[in-house]
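Below you'll find the structure, written out as structure tokens, and then a few comments.
The values are calculated or read from the model by the stated rules, or taken from the named source; none is laboratory data. Keep in mind that what you see is a predicted model, and the values were worked out from it rather than measured. Because the Cβ atoms are built from the backbone with ideal geometry, glycine has one as well, and the counts that use them run over all protein chains shown. Quick note on the areas: whole protein, heavy atoms, side chains included, nothing else; ligands and nucleic acids left out. Shrake-Rupley method; radii C 1.70, N 1.55, O 1.52, S 1.80 Å.
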Amino acid sequence: LVGGAGVVGVVIERASRGPVVRGVVTAGVTWAVLGGTSLGREGLLMARALEHGDVEAARGRLSHLCARDPKGLDAAALSRAVVESVAENTSDASVAPLVWGAVAGIPGLLMYRAVNTLDAMVGYRSPRYERFGWASARLDDVANWVPARVTGGLVALCSGRDAWRVLVRDGKKHPSPNAGRCEAAFAGALGVRLGGVNAYGGRVEQRPEMGDGRAPEVKDIRRAVGLSAAVTFAAAALIWSVR
């Protein structure tokens, strides 16, 4: 599947003759694979629901951001789930596509999106997708190794030394080799404490805590969305300057 996406990318790139056409096509493909706007929109929808006290609506919307079981989650737990998801997906939805686009052009953009979509669809451990899902999850880990660390560094660049301190200290605690870097940096930047007990379809995990601050509150969702947007623009500017 990933190789097929790469072949399509090569065909598109070779068919785009001339710098103007190539630029327009590259811009169109980049727009198609970036998910930062959708990520921010979903975060703000969750924020509005919780700000109005509509916990049931927020529980129903959580699946648009992550696979965590929303049953029984209160406003505080939902806020933590959203902040963590925005942090992790800042790399997956925004920074990583830009990095792979800079490295490999249109094929890189399409192949990364195929990898990340496979991980989102079948990358969780389950009896049905144990083998196929394992391969998808590991490939996603490889594809996001550099972008996740770029994301953590850009969070620190956009927000200050606390983000860097928590990133260096707590980023490796997370069971994911990549998500922890993003979540730790966001925890330091926002002055909150992330991690704790998470439930996924009847399976409960105890995640290590990252950060020194208070537990996330509803107001922190908008702050996380704003930081995610700043990091996305910083990544685009950095890659543009390098290219």
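What list of ³J(HN,Hα) values in whole Hz, one per residue of segment 39-44 in order, does the Karplus curve 6.51 cos²θ - 1.76 cosθ + 1.60 (θ = phi - 60°) give from phi, with Gly and Pro shown as x?
Using θ = phi - 60°, the values come out as 4, x, 4, 5, x, 5 Hz.
Roughly how many Å² is the accessible area per residue of segment 1-241, as a whole number, for a 1.4 Å probe?
Each residue of segment 1-241 exposes 49 Å² on average to a 1.4 Å probe.
Would you mind telling me which residue in Val33, Val122, Val95 has the biggest mean-square fluctuation in a Gaussian network model of the chain, where springs connect alpha carbons within a distance under 10 angstrom?
Among Val33, Val122, Val95, the largest mean-square fluctuation in the Gaussian network model of the chain belongs to Val122.
Once amide H atoms are placed 1.01 Å from N in the peptide plane, what residues at a sequence separation of 5 or more from Met210, or on another chain, have their amide H within under 5 Å of its amide H?
Sorted by chain and number, the residues that satisfy this are Leu194, Gly195.
Per-residue ellipticity at 222 nm for the chain, helices alone: DSSP H runs ≥ 4 residues times -39500 (n - 2.57), over residue total, nearest 500 deg cm²/dmol?
Roughly -23500 deg cm²/dmol at 222 nm, from the helical runs in the chain.
Give, as a single signed number, the net charge of other residues whose beta carbon lies under 11 Å from the beta carbon of Glu209, with Lys and Arg counted +1 and Asp and Glu -1.
Spelling it out: positives minus negatives among the neighbours equals +1.
So which aspartates and glutamates can Lys173 reach, going by Cα to Cα under 15 Å and dropping same-chain residues fewer than 8 places off?
Candidates past the 8-residue exclusion: Glu84, Glu88, Glu183, Glu205, Glu209, Asp212.
Any idea what the dipole of the chain comes to, in debye rounded to 20, about its Cα centre with Lys/Arg Cβ at +1 and Asp/Glu Cβ at -1?
So the magnitude is around 400 debye.
Give me the number: length gained by fully extending Ala27 to Lys219, i.e. 0.36 nm times residue separation minus the C-alpha to C-alpha distance, one decimal in nm.
Extending this stretch completely gives an extra 65.7 nm.
Taking Cα atoms, how many degrees apart are the long axis of helix 75-89 and the longest axis of the chain, rounded to 10 and kept between 0 and 90?
That works out to roughly 20 degrees.
Starting from the 7 Å offset along Cα-to-Cβ, what nm value, one decimal, do you get for the label separation of Glu130 and Val103?
Between Glu130 and Val103, the simple spin-label model gives 3.1 nm.
So for the pair Trp240, His64, with labels modelled 7 Å out along Cα→Cβ, what separation do we get in nm?
Distance between label points: 2.8 nm.
Please list, in order along segment 166-181, the HN-Hα scalar couplings obtained from phi with the Karplus expression 6.51 cos²θ - 1.76 cosθ + 1.60 (θ = phi - 60°), rounded to whole Hz, x for Gly and Pro.
Along segment 166-181, the couplings run 5, 4, 5, 7, 10, x, 7, 6, 5, x, 7, x, 10, 4, x, 5 Hz.
Counting only the heavy atoms of the protein chains, how much of Asp119 is accessible to a 1.4 Å probe, in Å² to the nearest 10?
40
For segment 199-226, list residues with backbone N below 18 Å from a point placed 7 Å from the Cα of Arg41 toward its Cβ?
222, 225-226
Looking at segment 35-71, which trypsin sites (Lys or Arg not before Pro) are DSSP coil and have at most 11 other C-beta atoms within 10 Å of their C-beta?
Lys71
Sticking with the crude label model, points 7 Å out along Cα→Cβ, report the distance from Glu56 to Val2 in nm, one decimal please.
4.3
Once you have a ≥ b ≥ c as the square roots of the Cα gyration tensor eigenvalues for segment 82-209, tell me rounded if a/c is under 1.5, and otherwise prolate or oblate according to whether a/b is larger than b/c.
Because a/c hits 1.5 or more and a/b fails to exceed b/c, segment 82-209 counts as oblate.
State the label only: which of (i) 115; (ii) 134; (iii) 168 corresponds to volume of the Cα convex hull per residue in Å³ computed from the shown model?
(i)
Using alpha-carbon pairs under 8 Å, 6+ residues apart, how would you state the relative contact order of the chain in percent?
Relative contact order of the chain: 23 percent.
Which angle from 0 to 90°, rounded to the nearest 10, does the C-alpha axis of helix 96-122 make with the longest principal axis of the chain?
50
In whole Å, what is the distance between the alpha-carbon centres of segment 151-213 and segment 37-89?
Measuring centre to centre over Cα atoms gives 17 Å.
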